[in-house]
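Take a look at the structure set out below.
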Amino acid sequence: MKKTKPVNIREMNFNQLFKQISPEEICDNVFTLAGKDFYVITAGKEDYYNSLTASGGGLGLLFRKPTTWCVLRADRYTLEMIQKEQTYTMSYFPKEYKGQMLFLGSKSGRESDKMKEVELTSVQTPSGDMSFKEARLIIECKLTQITTPNPNDFYTQEAKDYLNEAYKDASDYRKYVFGEITYVWVKK
Ligand SMILES: Cc1cc2nc3c(=O)[nH]c(=O)nc-3n(C[C@H](O)[C@H](O)[C@H](O)COP(=O)(O)O)c2cc1C
């Protein structure tokens, strides 16, 4: 029987690994994507980039544009990088990379070398944003809005309590980050 050589994704380039789909072709359940699974947000370019792990948020239409949104704490280094670069990726991984995703969510890139330590293979998308070869789905976004929610605008006690707790210190403020989806890539 002819032996097939195991595929080493580390040796493959972006175009060999991923194909472009439209936002409408994303077939994941949005509640699983945003809730049950968590994801990695990366901002920066090949020479310098940073990632964090996030959960929650969602996908939809905002002002008729396919849009993602996520909630980031004000002191996240990745948020600072998103503001600087104004583009970023949201990467979703197969289950076996959960440990690496948790690692990216365990310490800040502001005071660590986590991007060098993480056992994922960085890759540049054709537009120059950064993601990882191990990802199964990559959503590229153009920053459209960073909103600071006002606790007085919330109507459930639960949300008010959450935001009041989050607003004790300016570095704890939650920011709502909206990005227009520019490209979507899935593993071939
Ligand atoms: C499963 C998981 C989900 C997380 N979700 C969020 C989130 O939605 N928003 C957020 O600001 N931080 C979240 N974090 C925490 C950040 O990933 C973590 O603080 C990270 O170290 C920040 O890195 P940075 O400062 O390099 O950007 C999450 C962490 C984990 C492990």
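Taking the Cα centre of the chain as origin and charging only Cβ (+1 Lys, Arg; -1 Asp, Glu), how large is the dipole, in debye to the nearest 20? Don't skip to the answer; put the middle values down first.
Numbers: 27 positive and 25 negative charges, 154 e Å.
My answer is approximately 740 debye.
Distance between the C-alpha centres of region 64-84 and region 136-188: 7 Å, rounded to the whole angstrom. Karplus-based coupling profile of region 64-79, in residue order and whole Hz: 6, 9, x, 9, 10, 9, 9, 10, 10, 6, 4, 8, 5, 5, 4, 5, with θ = phi - 60° in 6.51 cos²θ - 1.76 cosθ + 1.60 and x standing for Gly or Pro.
How would you order 144-154, 16-26, 80-90 from highest to lowest mean count of nearby Cβ atoms within 10 Å?
80-90, 16-26, 144-154
Length available on full extension from residue 162 to residue 80: 0.36 nm per residue minus the Cα-Cα distance, which gives 27.2 nm.
As a test of the formula, what do you get for the chain when each DSSP H run with n ≥ 4 contributes -39,500 (n - 2.57) and the sum is divided by the residue count, at 222 nm and rounded to the nearest 500 deg cm²/dmol?
-4500 deg cm²/dmol
As a calculated quantity, the FRET efficiency between residue 171 and residue 24 at R0 = 30 Å, using C-beta atoms, amounts to about 0.20.
The count of lysine pairs in region 3-119 whose Cα atoms are under 20 Å apart, excluding pairs fewer than 8 places apart on the same chain, comes to 10.
Residue separation of residue 148 and residue 107 scaled by 0.36 nm, minus their Cα-Cα distance, works out to 12.4 nm of gained length.
What percent does the relative contact order of the chain come to when contacts are Cα pairs within less than 8 Å and at least six residues apart?
Details: 359 pairs, mean separation 53.7, N = 188.
Value for the chain: 29 percent.
Under 5 Å between amide hydrogens, built in the peptide plane, is the criterion, and for residue 121 it picks out 133, 134 among residues at least 5 positions away or on other chains.
None of the figures in this text is laboratory data; all of them are computed from the coordinates on show. For clarity, every value in this text was computed on a predicted model and none was experimentally measured. As a convention, Cβ positions derive from the backbone with ideal geometry for all residues, glycine included, and neighbour counts pool all protein chains shown.
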